[in-house]
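See structure below.
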Amino acid sequence: MVELRHSTSLGNRATSSPMKRDEDSSPLVPDRQSEDDDDRDRHSIRDRYYSRLSFQSLCPYFGDDARVSPYNSRISLFFVFLVVAGGLIAVFSIIKRLNSPYLCEKEGITLHCPPVKERPSLWENPYSATTSWKPCAELRDSEIIDLPPENETNGYIFIHAEGGLNQQRIAICNAVAVAKILNATLILPVLKQDQIWKDQTKFEDIFDVDHFINYLKNDVQIVRDIPDWFTDKSELFTSIRRTVKNIPKYAPAQFYIDNVLPRIKEKKIMALKPFVDRLGYDNVPSEINRLRCRVNYHALKFLPDIEHMADVLASRMRSRTNSSNPYMALHLRFEKGMVGLSFCDFVGTREEKVKMAEYRKKEWPRRYKNGSHLWQLALQKRKEGRCPLEPGEVAVILRAMGYPKETQIYVASGQVYGGQNRMAPLRNMFPNLVTKEELATKEELDSFRKHVTSLAALDFLVCLKSDVFVMTHGVMMPKLDVYNVKAPSDCGI
């Protein structure tokens, strides 16, 4: 039994591997190449398994086969889109930054700025509805005339219109209004320049006197000179008894009735000084404000030669590029007098600062005192934005607003403090910048040089005819004569 089991076991082992017994001679035994192929297949399956594990660990959103998973494909496309969009935004931001108007390369005093595409809206009127406004202050034939003769008024008033051209205009408008309030006769105002302008110009040197008197003949009595019966004319300018002083700024109509009218009735002729901003706007009757509009927009008319020369300058501004183009008027208040009066600190050499300090001490001794308090005052005013803008600052602002270097700019200004060095940044960024001296010949301007006010009148009219007006300081010209007169026959009363 034992022997039989043993032989059976041997038989089973023998039949279990017949190829092994005859592996070198039997044709049924596979060769070595087949074993190598099996090994490669096993390795290939293992590699695919591990690579699939690696891919799924990096991208868990994908299944075994992306082609059979549309949801995962959409997610992958979405991520690709985000990457592309982010790249485009980054490139656009870089290009936009490189073309920013305030990024300029400086070589010495020459600034090279990238081109800026001009927006049409830069020249559009933001208040287009104003074009349909109707005049409310012009003379109307239907108005009732209720004006007493000259010898029946309460007396005569006389004023000195001080300051620059636009301060003088305000004073003249107020003088006519006060004469109406007091039922008084107005003596033609005298234009008296202050220490900054140092110019003696008469009313008739720039304004049409006949038009002024005739246009207002139904509102107030106006005479050209002091009446002949008043013999001591010098007394009117010097005597305290003939002068009303200490009139508060923006005084109401009632103040004149209570304080000025009694003295006019007593003395018959009185001078009012000072007189800039000596009549309010909100505390007077509406017909008085309407009368002021009439004076400013209709009665105060420049002489024909000033009007004609201003038309020539405006026409030359529009045709400088051989085609009709808009132009900007820049009221650049950076003359020596304005810089000194502002008591602001500006970049400059030590020598310039010393000279400016001496100039301020001479012209405004009460405000200057010993000068110790001025530095802190200058810093505070600069922080609050109450200082005149320098030409270079104006250039940066205009570029930031989108105006390209090709913009045509007319500069209304006197002699700029610091000269060409101070103007260099503005001229470099806007080379198409001109003044009246560059638009006109010396011979054309000679007749206007006799009076500083005549030159200011030319600037005023060219600014009035411009498409865009820019101011650099909150002075009288933009407050009264440009913003309000932009539609010359309009009145916001």
Among 253-263, 364-374, 344-354, how do they line up from the highest to the lowest mean number of other beta-carbon atoms within 10 Å?
-> 253-263, 344-354, 364-374
Mind listing the long-range amide H neighbours of Lys192? Cut-off is under 5 Å, sequence gap 5 or more, other chains count too, H placed in the peptide plane at 1.01 Å from N.
-> Ala161, Glu162
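Past 20 Å, Cα to Cα, is the threshold; run Lys249/Lys336; Lys180/Lys267; Lys217/Lys301; Lys202/Lys301; Lys436/Lys465 against it and keep the listed order.
Working: Lys249/Lys336 27 Å; Lys180/Lys267 18 Å; Lys217/Lys301 15 Å; Lys202/Lys301 14 Å; Lys436/Lys465 14 Å.
In this structure, Lys249/Lys336 lie more than 20 Å apart at Cα.
With a 1.4 Å probe and all protein chains kept in place, how do Glu437, Glu307, Glu443, Glu235 rank by accessible area, largest first? Before the final figure, lay out each step's value.
Numbers: Glu437 85, Glu307 55, Glu443 135, Glu235 30 Å².
Heavy-atom accessible area, descending, gives Glu443, Glu437, Glu307, Glu235.
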Put a dot 7 Å past each Cα toward the Cβ at Asp258 and Glu287; how far apart are the dots in nm?
-> 2.3
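Expressed as a whole percentage, what fraction of the accessible surface of region 328-407 belongs to carbon and sulfur atoms when a 1.4 Å probe is rolled over the protein heavy atoms?
Working: 2520 of 4460 Å².
Using a 1.4 Å probe with all protein chains present, region 328-407 comes out at 56 percent carbon and sulfur.
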Classify region 279-347 as rounded, prolate or oblate, taking a ≥ b ≥ c as the square roots of the eigenvalues of its Cα gyration tensor: rounded when a/c is under 1.5, otherwise prolate if a/b is larger than b/c and oblate if not.
-> oblate
Label-zone membership for region 316-348, site Lys383, 7 angstrom Cα→C-beta point, backbone N under 20 Å | 342-347
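The values are calculated or read from the model by the stated rules, or taken from the named source; none is laboratory data. Keep in mind that this is a model prediction, so the values were computed, not measured. Cβ coordinates were reconstructed from backbone atoms using ideal geometry, including for glycine residues, and neighbour counts include every protein chain displayed. Note: accessible area is taken over every heavy atom of the protein model, side chains too, but ligands, DNA and RNA are not part of it. Shrake-Rupley method; radii C 1.70, N 1.55, O 1.52, S 1.80 Å.
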